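Just below is one structure, and these are the notes that go with it.
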Amino acid sequence: MTDTCVIVPTIREWECVREYVANAREYGHLDRLFFVLVTEDFCDAEGMREMLAEEGVEGRVFDGEAREAWYDERGIEAFADLIPAASHAETSFGLLYLWAHERFDYGVFIDDDTLPHDTDYFGQHYRNLAHEGETLAVESDEQWVNVLYQNADEHGLYPRGYPYSAMDEEVRETTESVDHVVASQGLWTNVPDLDAVRILMDGDLRGQAQTRTTREDYGEDFVAATGDYLTVCSMNLAFRREVVPAFYQLPMDDNPWDVGRFDDIWSGVFLKRAADLMGHHVYNGTPLCEHNKAPRSTFDDLNNEVPALELNEHVWRLADDAGADADSYAEAFAAMADALVAHEDDYTNGDFLTYVGEHMRRWLDCLDALTGEQVATPAVADD
């Protein structure tokens, strides 16, 4: 029974898919997986299709031309601009594909610069999503949880997207009763997922990090306590179908402000707020993946991040005040979209928040058009 859509954005090392297929085959999950490779017209899409055929797995490859054809077939060509080309945020296309096919109960995001460890990768994600019971919960006096907190006294790392104003937090471990996990975030060894400023502070000009992580840096799996936020990185992430309305990977790179690299970070903030409102949880820890980030200019990443660094310090507070009466992920997302559109703070590039909020509204409209079912019930607030 194929119930899981595995979404891989790739323009580089797509052969990594073979390793994930081999892992799934070894542990007996391959018949559950359908691979969606999201690529570009300048890439070897035919080679990717041949790879899937050689591996004997179900899947499709979508370059730019194939995506345009799919939009036309589904009658949603008016929403094509929601998915930026040649951007990591094109993972949203995979979410649309998942949403259009009701057989998929789960989605998995995998980045093409990762490899699975020698453990049951997909099985662990499935177990995490099915997890129930008293669970280690982490909170801080800054309302933010560093997903690398367990050995932070040794390595001093904070992940990409963690607000600078929330650093030097006081961490408290407690427990929470968990009965519905909606997302399973696997963490990473080798190259940590850091922002450009922190990479520069670590003394690396090639976009990686001098400080690396190992299995020993991680302890017990945990959830971020209800009411606290965390960074969500989509390189190694499984989730339930129900969160798709609140999990749009935001419009980065191809925008008037040249903002990039916050697609999964901000979508994670909105997902966590929505999950809290629904009484659900985001689970963190295993399965680990090996992150083999290719060298590139740290300053290129810095140029993508700088236009939204101030906004990143505040966007979560806008989300935290929205959606208190929401009864669904779609309603929660619509409320957060309205909050971004209506914000009145004088932030640098603050108009980008309005732009993001408008795209969030249209994401819900797109899902409605795709399935013919209304996913967002609240009325749209005035701009």
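Read the figures in this text as sums done on the coordinates, not as results from a lab. Not measured: the values here are computed from a predicted model. Using ideal geometry, Cβ is built from the backbone for each residue, glycine included, and neighbour counts are taken over all protein chains shown.
Here are the numbers for the structure shown:
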{"read-out": "For region 10-154, alpha-carbon Rg and Dmax in angstrom", "value": "17.9, 53"}
{"read-out": "Cubic angstrom per residue, convex hull over Cα atoms of region 254-344", "value": "131 Å³"}
{"read-out": "For region 90-193, radius of gyration divided by Kirkwood radius, i.e. Rg to Rh on alpha-carbons", "value": "0.99"}
{"read-out": "Cα-centre dipole for region 27-87 with unit charges at Cβ (Lys and Arg positive, Asp and Glu negative), debye to 20", "value": "320 debye"}
{"read-out": "Debye, to nearest 20: dipole size of the chain, +1 on Lys, Arg Cβ, -1 on Asp, Glu Cβ", "value": "720 debye"}
{"read-out": "Farthest toward positive dipole pole in the chain [+1 Lys/Arg, -1 Asp/Glu at C-beta], among 271, 122, 328", "value": "122"}
{"read-out": "Percentage relative contact order, the chain, counting C-alpha pairs under 8 Å, at least six apart", "value": "18 percent"}
{"read-out": "Residue with peak Gaussian network fluctuation, the chain [Cα springs, cutoff 10 Å], from 329, 347, 20", "value": "347"}
{"read-out": "Per residue convex hull volume, Cα atoms of region 1-67, in Å³", "value": "72 Å³"}
{"read-out": "Of 286, 262, 343, farthest towards positive along the dipole that unit charges on Lys, Arg, Asp, Glu beta carbons give region 262-358", "value": "286"}
{"read-out": "Label-zone membership for region 254-282, site residue 42, 7 angstrom Cα→C-beta point, backbone N under 15 Å", "value": "254"}
{"read-out": "Selection from 166, 145, 233, by position along the positive dipole direction of the chain (Cβ)", "value": "233"}
{"read-out": "Kirkwood hydrodynamic radius of the chain, from inverse mean 1/r over distinct Cα pairs, in Å", "value": "20.9 Å"}
{"read-out": "Rough spin-label spacing in nm, given labels placed 7 Å along Cα→Cβ, for residue 165 and residue 313", "value": "0.6 nm"}
